[in-house]
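The values are calculated or read from the model by the stated rules, or taken from the named source; none is laboratory data. The model shown is predicted, which means the values in this text are computed figures rather than measured ones. A quick note on method: Cβ atoms are made from the backbone with ideal geometry, for glycine too, and the neighbour counts reach across all protein chains shown. These accessible areas exclude ligands, DNA and RNA; they are computed on the full protein's heavy atoms, side chains included. Shrake-Rupley method; radii C 1.70, N 1.55, O 1.52, S 1.80 Å.
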Amino acid sequence: MALKPTIYKFKLSVSDLNHDYFDTLSLTVALHPSETTERMMVRVLVFCLHAYQDHESLMAFTKGLSAIDEPDIWLRGLDDQLHLWIDVGEPSFERIKKSCRLAKQTYVYSFNSKSNAWWKQSQVQFSSLPVNVLSFDWQEIQALSALLARKMDLSVTFSGESAFIAGEKEQVEVNWQALQLNEE
């Protein structure tokens, strides 16, 4: 018998000072049985980070680890055109090459302790692609994951290359570094 995902509910007050975007998001997120809580929290954080681009409420989590041909998050237009492809983790060059053909913009967010080694191996290949690659600090992601509860109210503020996440009792700061930016 297959294990079922664990469901989490988030109410997120997002303040993106970089893009003058302010909104409240209600998200229901499934934690796949083989997914870590750190990875799921990165998916939620990245969803908030790109929320300013979603003018028609069509950005969505996909089936994730259950669907190998889909990103973790995508934004489709009303015409079903793929505007945004977001992968979390350390995807292969071939996967990202394909995503660059399918979507107008592609983002990769690495976040774990292996990120530096993955980037050293992948950097030359990725430099030929129109892809944005960013990396979160692993210890800060672990601190973010420690806030996790089945139902959460969080305040998320983006300023520069930092996110300030405040829960009911604790707060954390998560920073990221741009490894490669596609200037369009």
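Could you pull out every one of the strands (runs of 3 or more DSSP E) wholly within region 43-88 that has 1 or more residues that are open to solvent by less than 20 Å² (accessible area, probe 1.4 Å) and free of Cβ contacts under 8 Å to residues at least 24 places away in the same chain?
Because the criterion is at least 1 residues that are open to solvent by less than 20 Å² (accessible area, probe 1.4 Å) and free of Cβ contacts under 8 Å to residues at least 24 places away in the same chain, the strands (runs of 3 or more DSSP E) in region 43-88 that meet it are 82-88.
Looking at Ser99, Ser115, Ser110, can you tell me which residue is among the polar types (S, T, N, Q), surrounded by 18 or more Cβ atoms within 10 Å (Cβ to Cβ) and touching a Pro at 6+ places or on another chain (Cβ under 7 Å)?
So the residue among Ser99, Ser115, Ser110 that is among the polar types (S, T, N, Q), surrounded by 18 or more Cβ atoms within 10 Å (Cβ to Cβ) and touching a Pro at 6+ places or on another chain (Cβ under 7 Å) is Ser99.
Run down Ala178, Ala146 and say which single residue is of a type in the set (A, V, I, L, M, F, W, C), over 16 Å from the mean Cα position of the chain (by Cα) and open to solvent by 30 Å² or more (accessible area, probe 1.4 Å).
Every option except Ala146 fails the conditions.
Within region 150-169, track down each residue that is over 21 Å from Asn132 (Cβ atoms), free of Cβ contacts under 8 Å to residues at least 24 places away in the same chain and either polar (S, T, N, Q) or in a loop (DSSP other than H, G, I, E, B) (or both).
Gly167, Glu168, Lys169
Specify the residue that is nearest to Leu179 (Cα to Cα); the eligible residues are those in region 130-140 that are open to solvent by 40 Å² or more (accessible area, probe 1.4 Å) and either basic (Lys, Arg) or under 17 Å from the mean Cα position of the chain (by Cα) (or both).
Across region 130-140, the extreme among qualifying residues is Asp137.
In region 1-36, which residues are in a strand (DSSP E or B), hydroxyl-bearing (Ser, Thr, Tyr) and either open to solvent by 70 Å² or more (accessible area, probe 1.4 Å) or at positive phi (or both)?
Within region 1-36, Thr24, Ser26, Thr28 meet the criteria.
Within region 105-129, track down each residue that is modelled with pLDDT of 95 or more, outside any helix (DSSP H, G or I), under 18 Å from the mean Cα position of the chain (by Cα) and not polar (S, T, N, Q).
Scanning region 105-129 gives Tyr107, Val108, Tyr109, Phe111.
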